[in-house]
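Only the coordinates and a few stated rules stand behind these numbers; no lab work does. What you see is a predicted model, and the numbers here were worked out from it, not measured in a lab. A quick note on method: Cβ atoms are made from the backbone with ideal geometry, for glycine too, and the neighbour counts reach across all protein chains shown.
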Amino acid sequence: MTPDAWLARHPYLQPVADLHALVDAAAAESCIPTAWIPNWDDYTGDFHDGVPLLRSARAAIDLGQSESIVTSLVERLASGPLPAKLVEESRALAAELHREPDSARRAVAWLLDGDLVSPPQAGLLHYLGWTALARYLCPVVIAFGRWRDEDRWLRNYCPTCGAPPAMAQLVGMDPGRLRLLCCGRCATRWRYLRTACPFCQNQDDQRLAVVAIEGEGGLRIDYCEACGGYLKTYNGEGSEGLLLADWTSLHLDILACDRGLKRLAVSLYEL
Ligand SMILES: [Zn+2]
Ligand SMILES: [Zn+2]
């Protein structure tokens with residue numbers, strides 16, 4: 001499945017595709033540096049204790065550059081030439097990041113920990129901030145995936161950044177079929193139980209159900225009757241870049257919402 005073919009079949013996704021392409025191009029032009037790979041031996045104990053990589057003092061991923069990385073992407077978008085609304089909102093966010101001496105530091109703390117009070121322009125900050133940080137962290141995420149023993153994690157939050165999943169993917173063939181959860185923030189994919197709700201951790205398979213959708217490239221909606229949460233799931237391999245991008249299946253979120261299901265998954269697109 002190519003992006004063009006997908007958009008031809010889902011023309012209502014074009015505005016979000018355009019936004020995504022503009023932000024991606026701006027991020028590419030921002031010359032974002034990449035993070036150093038940590039010494040994995042230092043992190044092993046925290047990993048076994050369920051501490052996500054970015055929250056581990058022992059792994060000590062260098063996040064000192066995060067403020068300038070996020071701010072420079074926001075400023076690039078604020079200086080256009082881009083659609084007026086995006087420029088205007090990026091300018092407001094850029095002003096917010098400079099409002100007080102520690103505004104950018106607090107914005108990044110919110111992006112990384114998420115448990116503080118939401119700052120102004122939170123939706124745009126979440127989207128742009130994680131777009132920039134995901135690029136910075138990309139080599140670490142790849143190296144972490146190679147080092148990590150998936151059997152020792154199997155948790156319902158991202159081993160890299162600690163976020164709940166945005167989507168899921170089913171890979172391989174039975175009896176060895178696996179379910180991976182996908183982080184919408186840092187793009188980590190990690191293994192989780194095949195039959196368990198990643199939100200309330202219900203394991204009663206009588207209360208876990210699937211909405212199959214024809215002609216959607218293998219995408220389906222998995223949901224839990226215990227908590228009402230759902231997770232868009234790509235039941236296939238080969239089109240991960242497109243079908244696990246979350247924005248390419250925003251119409252399935254509307255369908256799930258119409259069925260009374262709750263999006264408990266993290267989204268970068270609550271703009
Ligand atoms: Zn993550
Ligand atoms: Zn549940």
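Here are some notes:
- Cα gyration tensor shape for the chain, rounded if a/c is under 1.5, else prolate or oblate: oblate
- Taking Cβ atoms as reference points and 13 Å as the exclusive limit, the residues near GLY217 contribute a net charge of -1, counting Lys and Arg as +1 and Asp and Glu as -1.
- Lys, Arg +1 and Asp, Glu -1 on Cβ, resulting dipole of the chain about Cα centre, debye, nearest 20: 200
- In order through the range 91-102: 3J(HN,Hα) via Karplus (6.51 cos²θ - 1.76 cosθ + 1.60), integer Hz, x for Gly, Pro: 5, 4, 5, 4, 4, 5, 5, 10, 4, 10, x, 10
- Cα-centred dipole magnitude for the range 74-137, charges only on beta-carbon of K, R (+1) and D, E (-1), debye, nearest 20: 200
- Overall shape: oblate for the range 74-141, with the ratio a/c of the largest to smallest alpha carbon gyration tensor axis at 1.5 or above and b/c at least equal to a/b.
- J(HN,Hα) series, the range 175-181, from Karplus relation 6.51 cos²θ - 1.76 cosθ + 1.60, nearest Hz, glycine and proline x: x, x, 5, 10, 10, 10, 9
- Summary of the geometry: the range 160-225 and the range 117-134, compared by the centres of their Cα atoms, lie 25 Å apart.
- Here's how it looks for ALA166: its modeled amide H is under 5 Å from those of CYS182, CYS183, GLY184, VAL266, which are all 5 or more places away or on a different chain.
- Rounded, prolate or oblate (a/c below 1.5 giving rounded, otherwise prolate when a/b exceeds b/c) for the range 198-271 by Cα gyration tensor: prolate
- Computed over neighbours whose Cβ is under 10 Å from that of LYS232, the net charge equals -2, Lys and Arg +1, Asp and Glu -1.
- Estimated from helical segments only, the mean residue ellipticity of the chain at 222 nm is -12500 deg cm²/dmol, where each DSSP H run of four or more residues counts as -39500 (n - 2.57).
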